[in-house]
Amino acid sequence: MSKRVPSTKTVKKAATPAASPAKLGFRMPAEWEPQKATWLAWPHNRTDWPGKFEPIPYVYAEIVRQLARASRVELIVNDAAAEAKARTLLTRANVLPALEERIAFHQWPTNRGWLRDSGPIFVRHQSGEVAVTNWKFNAWAKYKNWQLDNLLPEKVAALRQCRRFDALLDDGRQMVLEGGSIDVNGRGLLLTTEECLLSTEQQRNPGRTCAQIEADLGAMLGVKKVLWLESGIVGDDTHGHVDDIARFVAPRTVLAACEPDPADANHAILKANLRRLKKMTDAQGRALDVVTLPMPAPVVFEGQRVPASYANFLIANRAVLVPAFNDPNDLVALNTIQKVLPKHTIIPIYCGDLIWGLGTIHCMTQQEPV
C-alpha cells in the first residue's frame, strides 16, 4: 500500500475538461435521496460462485421482489433466452406477474453482474437533470473479460437519452473507477480508501497522484472534500472497497464497521479506519458523527474467508436491504441501521450463499436518482 499521506483539503483544481459535471452544476446525490430506479444484472457467470451457483438466482429473485416494492427495477439480462429463464424463476418466486409493471428487462450482454462497479454512476443537476458519468471498468484489474461490462454506462445513457460525461484525464486516458470504491453524502464529501485508489499494487490509474485523483473526483462528482480511509476488509478482492467498511447515512453521519475481537484479522484494519474517521470533518470543518456497526463472525467456504459485512447494505427510497448471515450480530446490525435511519423499513436478506461471489447487495446494484 502507498505510504503517501493523502490530502484532506478542499478540492480546488480539476484535471478534467472545463465543462466538467461539477462546473456545470452537477453532483452525485447521496443514496438516501429520492430514486427513480435500481439497476442490476441477472446472474449468469458461474465462475463468480464456483460450485455454489444454483441458489444465487433465487437470492436475486428475493432482492428484486423487495426492490420492486421500493422503486422501479431495471434488470439487465444477456439475451432473450436469459430473460425467459429469469421470468420463469421470478414467477416461481411470486415476483411476477404481481410486480410486472415495476420491472423492466434490458437484453444487454455482460461479463458479470456487479453493477455497482460496472454500471453508470449518476449525477444530478440542481435543475433536476440527471446525467451519467462514464468511467472505465477493468474488472478490478484482475480479469481479462470486462469489455461488455464497460459498455453499460453508454447503453444506459442512450436508453435514457441523457447527457453523458466521460471521465477523461488530461493525458487522454479514461479514468478507472468502481462505484463500490466510493461513498458520498451528497453535500460534497466522499469516502474512499488508499488501498483502492492510491496503492501501486492495484494498477487502476498508474501514475495518478493523490491530489490529481481528488481533483478528478471533484470535477466529475461535485466532491469538495475526499476522506481517505486506509484499507478494506479481509477477503475483499477489489483492493479495499469502502462499501464494506464505512457508509454515509446522513450528511454528517457515518456507519463504520468495527471488530472488537483482537484475534480477528479485521480488528486492526477496522480500528485504524475508525481512528481516522473520528478525526475527520465535513466540508465546513464540523466533526462527523461516527456510529459503529458490528461485523458478523468470519464466513469461510472451502477454506477461504469471504468479505461478509453488514455495511454492504442498499438504501432504496424508504427501504434498506441489509445482508444477513444467520449470525447473532444480524439483529444488532439491523437495529443499529434502524436507529440511524428511523423512517426507513429495514429488510434483512440472507447472503450466506451470495457472499461466495465476494460481494452482496450493494455490490450488485446501482441506484438512479430522480
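The values are calculated or read from the model by the stated rules, or taken from the named source; none is laboratory data. Predicted, not measured: the structure shown is a model, and the values here were computed from it. Positions of Cβ are generated from backbone atoms using ideal geometry, with glycine treated the same way; all protein chains shown enter the neighbour counts.
Below is a table of values for the structure above.
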quantity	calculated
Residue satisfying all of: in the stretch 331-353; out of contact with any Leu (no Cβ under 9 Å at 6 or more places or on another chain) and closer than 21 Å to residue 265 by Cβ; surrounded by the fewest Cβ atoms within 10 Å (Cβ to Cβ) among these	352
Residue 293 without any contact (Cβ under 8 Å) to a residue 60 or more places away in the chain, more than 18 Å from the chain's Cα centre (by Cα) and surrounded by 16 or more Cβ atoms within 10 Å (Cβ to Cβ)	no
Scope the stretch 38-72; condition out of contact with any helix residue (DSSP H, G or I) (no Cβ under 8 Å at 6 or more places or on another chain), outside any helix (DSSP H, G or I) and among the β-branched types (Val, Ile, Thr); matching residues	none
Residue 334 of a type in the set (A, V, I, L, M, F, W, C), over 18 Å from the mean Cα position of the chain (by Cα) and farther than 21 Å from residue 252 by Cβ	yes
Residues located in the stretch 335-359, provided they are in a helix (DSSP H, G or I) and either touching a His at 6+ places or on another chain (Cβ under 7 Å) or farther than 18 Å from residue 60 by Cα (or both)	335, 336, 337, 338, 339, 340
The one condition in (1) small (Gly, Ala, Ser); (2) crowded, with 17+ Cβ neighbours inside 10 Å; (3) outside any loop (DSSP other than H, G, I, E, B) that residue 268 fails to fulfil	(2)
Lone unmet requirement of (1) of a type outside the set (Lys, Arg); (2) over 21 Å from residue 360 (Cα atoms); (3) modelled with pLDDT under 95 for residue 71	(2)
Strands (runs of 3 or more DSSP E) fully within the stretch 275-334 counting 2 or more residues that are under 21 Å from residue 230 (Cβ atoms) and in contact with a Lys or Arg (Cβ under 8 Å, 6 or more places away or on another chain)	289-294
Of the criteria (1) in contact (Cβ under 8 Å) with a residue 24 or more places away in the chain; (2) assigned to a loop (DSSP other than H, G, I, E, B), which one residue 206 fails	(1)
Spans of strands (runs of 3 or more DSSP E) in the stretch 78-191 with at least 1 residues modelled with pLDDT of 95 or more, hydrophobic (A, V, I, L, M, F, W, C) and surrounded by fewer than 15 Cβ atoms within 10 Å (Cβ to Cβ)	103-107
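Each row is one residue, and each column tells you yes or no for (1) of a type in the set (Lys, Arg); (2) at pLDDT 95 or above; (3) surrounded by fewer than 16 Cβ atoms within 10 Å (Cβ to Cβ).
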{"site": "208", "(1), (2), (3)": "yes, no, no"}
{"site": "213", "(1), (2), (3)": "no, yes, no"}
{"site": "217", "(1), (2), (3)": "no, yes, no"}
{"site": "222", "(1), (2), (3)": "no, yes, no"}
{"site": "281", "(1), (2), (3)": "no, yes, yes"}
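Residues checked against (1) without any contact (Cβ under 8 Å) to a residue 40 or more places away in the chain; (2) over 18 Å from residue 165 (Cβ atoms); (3) in contact with a strand residue (DSSP E or B) (Cβ under 9 Å, 6 or more places away or on another chain):
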site	(1), (2), (3)
179	no, no, yes
187	no, yes, yes
196	no, yes, no
213	yes, no, yes
221	no, no, yes
235	no, yes, yes
